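The values are calculated or read from the model by the stated rules, or taken from the named source; none is laboratory data. Quick caveat: nothing in here was measured; it's all calculated off a predicted structure. No Cβ is skipped: glycine too gets one built from the backbone with ideal geometry, and neighbour counts run over all protein chains shown. Heavy atoms of the whole protein, side chains included, go into the accessibility calculation; ligands, DNA and RNA do not. Shrake-Rupley method; radii C 1.70, N 1.55, O 1.52, S 1.80 Å.
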Amino acid sequence: MCGIIALLLSNPDILASVELFEGLQILQHRGQDAAGIVTCGHKGRLYQCKENGMVRDVFDQENLQNLIGSLGIGHEILKEASSLVDELSFVIHILTFHIFINLVRYPTAGTSSKSEAQPFYVNSPYGMVLAHNGNLVNAEELKNSLDVRAHRHINTDSDSELLLNTFADNLQQTGKFRIYEEDIFTAIKGLYEQCIGGYACVAMIAGFGIIGFRDPHGVRPICYGTRVNHDGFDFMFASESVVLDNLGFTEVKDISPGEAVIVTKQAITKRKLVHWGELTPCIFEYVYFARPDSVIDGISVYRSRLEMGEHLANQVVKKCGKNLDIDVVIPKGTNQFLDRENVPDTSRVAALQVSHKLKIAYREGFIKNRYVGRTFIMPGQQMRRKSVRRKLNAMALEFVDKNVLIVDDSIVRGTTSKEIVQMARDAGAKKVYFASCAPPVRYPNVYGIDMPSRQELVAFGRDDDLIAKEIGADMVIYQDLNDLIASCQKFNPNITVFDCSVFNGHYVTGGVTNEYLDRLEKSRSDLAKSSRENLHSPEAIGLHNLRHTSSQASLERNGWNGVNDQINMEETSRQRKERLKATRKRKLASSKSEEQASEEQASEEQASKEQVSKEQASEEQASEEQAVEEASNIVKKPILKFRNYTPSNEEIKTAAKIHIATPNDLDETLEKHVDRITKEVEETEKAKREEEDLFNLAPKKPNWDLKRDVEKKLAKLERKTQASIAHLIKARLQSDSAENTSIGLIDAVNAQQKADLEDNDSD
Ligand SMILES: O=P(O)(O)OC[C@H]1O[C@H](OP(=O)(O)OP(=O)(O)O)[C@H](O)[C@@H]1O
Ligand SMILES: NC(=O)CC[C@H](N)C(=O)O
């Protein structure tokens, strides 16, 4: 699963990267394995930073500041890695983590190399980048067609590269030197017909704008919103509405299936391009993936989870009947702290409702360590299992001598349920019942959730009793699929079908054959990935940046998604600051000419003499600032500016200019705003035209064949022209109110004019 964002800011001097970074942090629960941002600077040049790791590991103040431009797209991804064979090999791999991460991680499509981290880039027919959430089921056919028909070189196994190249190829077919919205719509319409699967995409065309589009069945979520401020209007696409809410965007809408929305500095244009699809959003978003404070396709995720709890309580009563002997309802886990980086406590909302409905006490018996990420989206079975233990801690008091009902959002591989049932027993529970808000997961997901192998699903080929036995529970109680659908549909009855493929094996897009599922299983099961581990897989060419070392070091320190989390925050931040300092100095040194460097040295020496009484630390600081200032002659870096949001990252906070929007900022309607901008543009254009007229007095160049004959006449004409220009300038200077300062200049012009006239007469 991935989180995607695209942002266009009206003020060209504000860095889009800052809010893209904030947005990706808010979407961290959708993917923990890699993150990337690409921005577009003033001259249409693209800047990028993408790397393996959590958002906080990939970006820092320096690389955010180097992501120049007021528009950009961001992406974070969940990838999948192989299971490690046994506990011993797990330990070995943790110790040699740099090798581990290069060899065994694996995404939903393609490999896990950095070069396959999104966003992807192509340079033809325009500079284009794309990021997506989802998965294509006809990737092989597409790849073949792009090669044979379109002659496009596809360098990775990532389906994002295929989507981007299909889009680019379709644009190329329009044969235009400059594109317009119409051409983009034509290209995306073609893409809808060529690409089968679930995909929500954001793209950016250098120097043009940003684009959001969603597959014709609307399987994966994507929404957009606008924000009006003093500079104009800003526009953002995001996977979940919570990002838009947090960053102050309003008028939030979902992109409908088969629709595309194009946003430039001048206009927002949207169009539904195909009508053969029907909105079938993935129901697993509501069950597990999305944050409760998001609204997807008109359905509040939080409300749908409450409703799931209501229905689940009915199932408990149905299954236990008169023997209902539960003392306490306990959710799978409760976060130790509540802050914006937290992953959602998916089971908690439903568990509260179950307790309420059954009138049985609710207790938070499992406390979560927030530094350990979401285990379901972690690489490898051993790691998932170990992480559940590290992440959750059972409070014995809440379990001892009790019959407990543990409520979780889902049981997929059974890793979590098995571990926590055992933890409950170890803590002294008498009986352990396990209730799941989702029905049994029996089929693979092919639309972007990494559940590729039927064999790995604990419910595959097992009934409820066998599942209970497998996870060690006294009883397992599942949600009914119709009840799950009703829980979501209640809040948007217009949605008649959901993608429930993991529960019923029905794939709404078509094109998912048994052969495809077999292929998928063979290539992406934990077992298949584990044998890949031993293969050497060199890095493919990709647009990745030079941060491998630091990022790998960070992974070595923090472990994969926080699994190995002996986190020493101070040490981490100290090392990061040192790295930053060194990189900045290196960059400055290499980007300056020798002359500049020696000038700088001289001025640095001067500065240090003047400050000789100050402490060494502050001297260093000053010279660094001076160097940065000089470097800004090469690339002028705009100020980081946050709006409607106070950053949590201290480093960024100190470097940023915080601007909290007042209600007045939002008073203006979009229409009024656009009118105002139009007027401003017209006035500027008019002024420009008037200015230009003065200089259009210069004669046009003669035809070369006539030049010989008219050369003399031309020379005379030129002198006369000069005299006229001088005359005009003089007239303007005389009318100038600051007469005194103009006198010298008028005399000079007079003299020049006189000389010209004498020269003229002599002809
Ligand atoms: O049966 P499994 O294969 O273990 O998968 C299901 C579990 O995975 C998820 O937890 P996760 O730790 O990923 O998410 P959370 O942080 O939201 O609790 C989910 O909430 C279930 O507990
Ligand atoms: N989880 C996802 O949405 C995966 C996106 C894409 N298929 C990739 O593997 O990069």
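Scanning region 438-452 for residues that are in contact (Cβ under 8 Å) with a residue 60 or more places away in the chain, within 16 Å of ligand 2 (Cβ to nearest atom) and surrounded by fewer than 23 Cβ atoms within 10 Å (Cβ to Cβ) yields 445, 450. Across region 488-503, which residue is surrounded by the fewest Cβ atoms within 10 Å (Cβ to Cβ) among those that are out of contact with any Gly (no Cβ under 9 Å at 6 or more places or on another chain) and over 13 Å from residue 446 (Cα atoms)? The residue in question is 493.
Identification of strands (runs of 3 or more DSSP E) wholly contained in region 186-258 with 2 or more residues that are within 25 Å of residue 506 (Cβ to Cβ) yields 197-205, 209-214. Scanning region 21-44 for residues that are part of a helix (DSSP H, G or I), under 30 Å from residue 678 (Cβ atoms) and away from ligand 2 (no atom under 16 Å from the Cβ) turns up at least one hit. Does region 304-319 include one or more residues that are open to solvent by 40 Å² or more (accessible area, probe 1.4 Å), at pLDDT 85 or above, more than 16 Å from ligand 2 (Cβ to nearest atom) and assigned to a loop (DSSP other than H, G, I, E, B)? So far as region 304-319 goes, no, none of its residues is open to solvent by 40 Å² or more (accessible area, probe 1.4 Å), at pLDDT 85 or above, more than 16 Å from ligand 2 (Cβ to nearest atom) and assigned to a loop (DSSP other than H, G, I, E, B). Evaluate the following for residue 347: is it at pLDDT 95 or above, open to solvent by less than 30 Å² (accessible area, probe 1.4 Å), away from ligand 2 (no atom under 16 Å from the Cβ) and among the small types (Gly, Ala, Ser)? Answer is no for this residue. Consider residue 372 carefully, then state whether it is touching a Gly at 6+ places or on another chain (Cβ under 6 Å) and either surrounded by fewer than 24 Cβ atoms within 10 Å (Cβ to Cβ) or modelled with pLDDT under 85 (or both). Answer is yes for this residue. Just one of the numbered conditions (1) open to solvent by 20 Å² or more (accessible area, probe 1.4 Å); (2) away from ligand 2 (no atom under 14 Å from the Cβ); (3) at pLDDT 95 or above is not true of residue 143: (2).
Of the residues 427, 459, 435, only one is within 15 Å of ligand 1 (Cβ to nearest atom), over 19 Å from residue 353 (Cα atoms) and either assigned by TED's automatic domain parsing to the domain that holds residue 398 or buried (at least 24 other Cβ atoms within 10 Å of the Cβ) (or both); which? Result: 459 is the single residue among 427, 459, 435 that is within 15 Å of ligand 1 (Cβ to nearest atom), over 19 Å from residue 353 (Cα atoms) and either assigned by TED's automatic domain parsing to the domain that holds residue 398 or buried (at least 24 other Cβ atoms within 10 Å of the Cβ) (or both).
I'd like to know if region 468-475 contains one or more residues that are within 12 Å of ligand 1 (Cβ to nearest atom) and over 23 Å from residue 354 (Cβ atoms). No, region 468-475 contains no residue that is within 12 Å of ligand 1 (Cβ to nearest atom) and over 23 Å from residue 354 (Cβ atoms).
Would you confirm, using the coordinates I've provided, whether residue 135 is closer than 21 Å to residue 277 by Cβ, in contact (Cβ under 8 Å) with a residue 24 or more places away in the chain, polar (S, T, N, Q) and more than 16 Å from ligand 1 (Cβ to nearest atom)? It is true that residue 135 is closer than 21 Å to residue 277 by Cβ, in contact (Cβ under 8 Å) with a residue 24 or more places away in the chain, polar (S, T, N, Q) and more than 16 Å from ligand 1 (Cβ to nearest atom).
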